[in-house]
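> Let me give you the structure first, and then I'll get to my questions.
The values are calculated or read from the model by the stated rules, or taken from the named source; none is laboratory data. Given the structure is predicted, the values throughout are model-derived calculations rather than measurements. Virtual Cβ from ideal backbone geometry, glycine too; neighbours counted across all protein chains shown.
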């Protein structure tokens, strides 16, 4: 029998894979120069040291984490980013090469507009479809799962997604309501009945749309892959190996909406808790699967509905945290590094979320007090953030430098800190973004 | 009975509250008395939110209970008894932004704190704000925005209000997402509120309520 690797060994394996990038064919990716290779490895090692809290990196690493900023920086619109993949590639390439942060996040965020059109995606409005070409996409929250459907979700999450949820959020997949119950396919007797739906014209039309959408997704992903490979060859690693979510947000953002899930806390708390438990292994699988595929350990988890002001501490500890913690522990067990983004304020949660193994997580901090975060959560976790979006947009380079220096002095003390903006941003002054990156390089060295 | 109803609503006992309201209607209670109890409960809920014992789940459930109770009492009486209003606040999420959770809380809190609130919803153009200011004649306007794009739209909205000749004597507050005092200066607003209570305090200060 093969020897089971420990979580630490699994993490090391993923870091090693990240350090040795491959091209799409699986061969070693050629670097543009020995200098680029050196920089690539130094950058990942810097991030790794910051995360593991075992030793101080050579200096404070720096990241810039935008949403549509690369579009505006290049004088393009979000609509162009979503519909013209060459422009998407050019904009994110230039953005990464101009600012020279230690890591970039790739060009995944804008998403393929035509793909959304083919499937008639309803969960979001996007440039030209419900919002203007100059604006970013936004979520159309709703009850895509009704209050009485918890049992259906808990009993068969995948079936619920394919036959109930997808038909509601993708207009083109509405006929998927007719799809068969796959575990009914068992013997020769009657087995063909299960396949009748695939012969029905609307279902066939839905599959045609799916094929077309798949082709579009492949084309888009090819551009992203080529960009990542090119940037890696130039010495710039991509931060995230995948993405998953807190079970509470998975239900609250995607299925029930804010209003729905907040009411469920009072009206059917046990169902909500059971559903989050049922989803937890799937959220772990989602993150681990992505890390295995990309060969990169860091898994991003944007946290939404657990912030200060949304729930009481008691509600946070009962409904939000336990399954989020389980997801993170499940990821850590398989060698991943969970990277939750504590959007908004997390001040009253810091002491609670500290309860994780040391040196295994990376927390993006938005508006929480960084000195407190360092003293609590920072004892166990690497912190990333929290230069404010407003300052990047309207401040001066001097203000950004002063702020970043203070962050390095407080949050950066002893290692365990990556300088970055605190929340995804669309608009900023380039000189402010540059000032943030420069400050880490000029001021962030550990002696 | 009415006190029991107040407590049931304020303590988030939804089933009991609805049962009590039904019993009161069947027992011939004045619709106004029932709605008055609901209003009293909303005040308590607002206070608990201000103190940090209640959060989003409670505000949302409170809104749901209020709707159901007004339905029980009589659809044509769907207005709560008028209480003395301190002043008028016009509120909305600025153009291009469709986020509404924070804005809804501010609306709710202004309402329970005695303001006459007109909520224009989300993605509200500068022009719509201007028209609503003409019609509604508020003392205070609240601009909400979650995205960084909202910074510029807030500025445009304030400018549109100025251009329309409606800026004098009007107080404008902004809030939401990444908004802070820097954005307030940039947008030309009078103040920013970091949360719903700050918005209520600003409105109270501006209309002269202690």
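> Kindly provide the set of residues from region B:152-179 that are within 14 Å of chain A (Cβ to nearest Cβ), within 22 Å of the chain's Cα centre (by Cα) and either surrounded by fewer than 18 Cβ atoms within 10 Å (Cβ to Cβ) or in a helix (DSSP H, G or I) (or both), ordered by number.
Here is the first cut: in region B:152-179, the residues within 14 Å of chain A (Cβ to nearest Cβ) are B:152-156, B:174-179.
Filter again for within 22 Å of the chain's Cα centre (by Cα), leaving B:153-154, B:174-179.
Listed by number, the residues that qualify are B:153, B:154.
> Among the listed residues A:395, A:378, which satisfies the condition of being away from every other protein chain (no Cβ under 14 Å), within 17 Å of residue A:420 (Cβ to Cβ) and over 20 Å from the mean Cα position of the chain (by Cα)?
Values: A:395 fails: away from every other protein chain (no Cβ under 14 Å).
Residue meeting the stated conditions: A:378.
> Still on this model: Answer with yes or no whether residue B:117 is under 17 Å from residue B:89 (Cβ atoms), outside any helix (DSSP H, G or I) and not assigned by TED's automatic domain parsing to the domain that holds residue B:39.
On the way: under 17 Å from residue B:89 (Cβ atoms): yes; outside any helix (DSSP H, G or I): yes; not assigned by TED's automatic domain parsing to the domain that holds residue B:39: yes.
Against the criterion (under 17 Å from residue B:89 (Cβ atoms), outside any helix (DSSP H, G or I) and not assigned by TED's automatic domain parsing to the domain that holds residue B:39), residue B:117 qualifies.
> Moving to a separate point now. In region B:24-54, what count of residues is obtained for those that are free of Cβ contacts under 8 Å to residues at least 40 places away in the same chain, part of a helix (DSSP H, G or I), more than 14 Å from chain A (Cβ to nearest Cβ) and touching a helix residue (DSSP H, G or I) at 6+ places or on another chain (Cβ under 9 Å)?
First pass over region B:24-54, keeping only residues free of Cβ contacts under 8 Å to residues at least 40 places away in the same chain: B:24, B:26-30, B:33-34, B:37, B:40-41, B:44, B:47-48, B:51-54.
Next, only the ones that are part of a helix (DSSP H, G or I) stay: B:24, B:26, B:33-34, B:37, B:40-41, B:44, B:47-48, B:51.
From what is left, the residues that are more than 14 Å from chain A (Cβ to nearest Cβ) are B:24, B:26, B:33-34, B:37, B:40-41, B:44, B:47.
Next cut, touching a helix residue (DSSP H, G or I) at 6+ places or on another chain (Cβ under 9 Å) only: B:24, B:33-34, B:37, B:40-41, B:44, B:47.
Result for region B:24-54: 8.
> While we're looking at this one, here's another question. Take region A:131-149 and flag every residue that is within 8 Å of chain B (Cβ to nearest Cβ), assigned to a loop (DSSP other than H, G, I, E, B) and over 9 Å from residue A:79 (Cα atoms).
Result: A:140, single match.
> Here's something else I'd like to know. Can you confirm whether residue A:447 is in contact (Cβ under 8 Å) with a residue 12 or more places away in the chain and either crowded, with 23+ Cβ neighbours inside 10 Å or more than 14 Å from chain B (Cβ to nearest Cβ) (or both)? Break it down stepwise before answering.
Values: in contact (Cβ under 8 Å) with a residue 12 or more places away in the chain: no; either crowded, with 23+ Cβ neighbours inside 10 Å or more than 14 Å from chain B (Cβ to nearest Cβ) (or both): yes.
Considered against the rule, which asks whether it is in contact (Cβ under 8 Å) with a residue 12 or more places away in the chain and either crowded, with 23+ Cβ neighbours inside 10 Å or more than 14 Å from chain B (Cβ to nearest Cβ) (or both), residue A:447 comes out as no.
> Also, I was wondering about something else. Does region A:250-260 contain at least one residue that is assigned to a helix (DSSP H, G or I), within 14 Å of another protein chain (Cβ to nearest Cβ) and over 21 Å from the mean Cα position of the chain (by Cα)?
Yes; the residues of region A:250-260 include at least one that is assigned to a helix (DSSP H, G or I), within 14 Å of another protein chain (Cβ to nearest Cβ) and over 21 Å from the mean Cα position of the chain (by Cα).
> Any chance you could count how many residues in region A:21-58 are modelled with pLDDT of 95 or more and within 25 Å of the chain's Cα centre (by Cα)?
So the answer is 16.
> Oh, and also: Which condition does residue A:302 not pass, out of (1) crowded, with 21+ Cβ neighbours inside 10 Å; (2) in a strand (DSSP E or B), if it passes all the others?
Evaluating residue A:302 over (1) crowded, with 21+ Cβ neighbours inside 10 Å; (2) in a strand (DSSP E or B) leaves (1) as the failure.
> Restricting to region A:153-187, count the residues that are within 22 Å of residue A:279 (Cα to Cα) and either within 27 Å of the chain's Cα centre (by Cα) or surrounded by fewer than 13 Cβ atoms within 10 Å (Cβ to Cβ) (or both).
21
> Here's another thing I want to ask about it. All but one of (1) in a loop (DSSP other than H, G, I, E, B); (2) touching a helix residue (DSSP H, G or I) at 6+ places or on another chain (Cβ under 9 Å); (3) closer than 20 Å to residue A:338 by Cβ hold for residue A:54; state the number of the condition that does not hold.
Answer for residue A:54: the failing condition is (2).
> A follow-up question, please. Assuming residue A:216 fulfils every condition listed in (1) touching a residue at least 24 places away in the same chain (Cβ under 8 Å); (2) away from chain B (no Cβ under 14 Å); (3) within 18 Å of residue A:253 (Cα to Cα); (4) under 24 Å from the mean Cα position of the chain (by Cα) apart from one, which condition is it?
(3)
> Show the residue pairs meeting these rules: Cβ distance below 9 Å; 6+ apart or different chains; first residue within region A:165-187 and more than 21 Å from residue A:213 (Cβ to Cβ); second residue in a loop (DSSP other than H, G, I, E, B).
Every condition considered, the pairs that remain are A:181/A:156; A:183/A:156; A:184/A:190.
> crowded, with 18+ Cβ neighbours inside 10 Å, part of a loop (DSSP other than H, G, I, E, B) and either within 12 Å of chain A (Cβ to nearest Cβ) or in contact with a helix residue (DSSP H, G or I) (Cβ under 9 Å, 6 or more places away or on another chain) (or both): is that true of residue B:189 in this structure?
Numbers: crowded, with 18+ Cβ neighbours inside 10 Å: yes; part of a loop (DSSP other than H, G, I, E, B): yes; either within 12 Å of chain A (Cβ to nearest Cβ) or in contact with a helix residue (DSSP H, G or I) (Cβ under 9 Å, 6 or more places away or on another chain) (or both): yes.
Considered against the rule, which asks whether it is crowded, with 18+ Cβ neighbours inside 10 Å, part of a loop (DSSP other than H, G, I, E, B) and either within 12 Å of chain A (Cβ to nearest Cβ) or in contact with a helix residue (DSSP H, G or I) (Cβ under 9 Å, 6 or more places away or on another chain) (or both), residue B:189 comes out as yes.
> Further, regarding this structure: Quick one: which residue in A:130, A:113, A:190 is under 26 Å from residue A:300 (Cβ atoms) and either more than 26 Å from the chain's Cα centre (by Cα) or surrounded by 16 or more Cβ atoms within 10 Å (Cβ to Cβ) (or both)?
Of A:130, A:113, A:190, the one residue that is under 26 Å from residue A:300 (Cβ atoms) and either more than 26 Å from the chain's Cα centre (by Cα) or surrounded by 16 or more Cβ atoms within 10 Å (Cβ to Cβ) (or both) is A:113.
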